[in-house]
1. Just check the chain against the gyration tensor rule for me: Cα atoms, a ≥ b ≥ c as the square roots of the eigenvalues, rounded for a/c under 1.5, and otherwise prolate or oblate depending on whether a/b exceeds b/c.
2. Answer with one residue from 199, 186, 68: the one whose Cα lies farthest towards the positive end of the charge dipole of the chain, charges on Cβ with Lys, Arg +1 and Asp, Glu -1.
3. How big is the charge dipole of the chain about its Cα centre, in debye rounded to the nearest 20, if each Lys and Arg gets +1 on its Cβ and each Asp and Glu gets -1 on its Cβ?
4. Which distance in Å, rounded to a whole number, links the C-alpha centroids of segment 367-446 and segment 51-90?
5. Which distance in nm do the two modelled labels at residue 415 and residue 233 give, with both placed 7 Å along the Cα-to-Cβ direction?
6. Quick one: which of 327-335, 449-457, 297-305, 131-139 comes out on top by average Cβ neighbours within 10 Å, and what's the full order, highest first?
7. Measure off 7 Å from each Cα along the Cα-to-Cβ vector at residue 388 and residue 273, then give the distance between these two points in nanometres to one decimal.
8. Across segment 433-448, in residue order, what do the Karplus-derived ³J(HN,Hα) couplings come to in whole Hz, using 6.51 cos²θ - 1.76 cosθ + 1.60 with θ = phi - 60° and x for Gly and Pro?
Amino acid sequence: MPPDKAGIIPRLRQRSASTLQPVMPVNSPQIPVAVRPSGCPGLLRIVQALDGGICRIKLAGGAISTAQARVVADGAERFAAGVIEATNRANLQIRGIGADHSGLIDSLLAAGLGPTTVAGDDVRNLMLSPTAGIDRQRLVDTRPLAQQILATLQSHPRFAQLSAKFAVQLDGGEALAMLDHHHDLWLSACTLAGQPALAFGVAGCLRDRPLAAVPLAQGHDLVVAVLEWFLDHARPEHNRMRQLLVETPVDKLLADLATRLPLLAIADWQRAAPTAGLHLGTYPQGDSGYVYVGAAAPLGRLDPAKLRGAAHLAQAFGDGSLRLTPWQSLLLPNIRAEDGPQVLAALEQLGLLGSADQALAHVIACTGSPGCAKAQADTKADAVRLAALLQGTERCTEVHLSGCPRSCAAAHPAAVTLLAVAPGHYDLYFSAAGLPGFGAPHARNLTIEAAGALLGARPRSHP
Ligand code: SF4
């Protein structure tokens, strides 16, 4: 049996109605839902954009079964314009949704893609490594703890007050890991005095120094304690932990936590650097004889054919599941090693990017002017042109095209940012330590051709 068979998704899928948590459970398409207002899309709250509605489907641990993936593909065709996006939080979203919102929502709920409670849709924001449980360098299989945390996030009556953007990351020490995304709370597996533990920090990312650690067995209690502390102290205008910490010292958080949990000192510990590029291509899952195969959705965009094709491959060669990644890519786990090259080639035939040699795999872009009223340019079309200009220049730095300063496509500052100022024209920024936002401005009002020439000519030692 592949080593992933006891994973988080099979267990969540087995959840019966009798085990659903209270507070308006979402266990049937027929139950009317009362969803709080917010500008953030959810599965239960379809938000309008220029190109139609957006429905965000949050995936437990980034994982989705092949049957569920087919439901998403069908829904994108039947109720929307056929655009499916892989998000930088390892979720899926359907764009261009027409008038029949309830038809789409019902189909997704019937496939088991909904939250366990209505309020839980907004707060089920827990990110894992895409290779949780199968990564060859993992210290801990985070999936059982993640399942416990996800259940509590959705069922704890007070957690419904958290912002839809409030997010937690749980890291098992995997080689494939996103260290740069900001989270309100992060936990990272480590070993202290020979015992498994979780280092943790708040209002930051996995590259930061931790505040302290707790024994691994206290991980769930730590999440509950930190989130309850946030709700105890936050005022209505505080949506994120960093806003609260401007007024309330982090030492108070630590002192209060110490009354509830056995905090461990963890001086000098820092999360080991991950290996870059492990989300594209074929990589062994330890010495199990299995590999995972990863390929990126160009500019985060899938379509029903790509998603169905990937699902077919996961069914035929894998364990019937797919995983989304924060690099807007797909990963097929538990493929027999001898089948890996064939599966990767098939993903590339579907139009997915399976190699870091492709410049488009290093370019991200927001929705742009076809779908967003704030956009100054068609960022995705410009990104395709830029990638063609950069192909063959040996440049593999991440380049981000943003239609406006809101920077929706990038969950953390990219090395290079092109900020649209007019159709086809961009200001160029290079990230710089200590500078907020996009970094240091370098050139103004560049055409895509000029940006391509400038970036292509830059030495690789520069961003
Ligand atoms: S970054 Fe700006 S232009 Fe792009 S999708 Fe977000 S709001 Fe729209």
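Where a number appears in this text, it was derived from the coordinates with a stated rule and is not lab data. Nothing here was measured: the structure is a model prediction, and the numbers come from that model. Cβ atoms come from the backbone with ideal geometry, glycine included; neighbour counts cover every protein chain shown.
1. Here the chain falls in the rounded category.
2. 68
3. With only Lys, Arg, Asp and Glu charged at Cβ, the dipole is about 400 debye.
4. For segment 367-446 versus segment 51-90, the Cα centre distance is 25 Å.
5. 3.7 nm
6. Ranking the peptides 327-335, 449-457, 297-305, 131-139 by packing returns 327-335, 131-139, 297-305, 449-457.
7. 3.5 nm
8. 4, x, 9, x, x, 6, x, 8, x, 10, 7, 10, 6, 7, 6, 4
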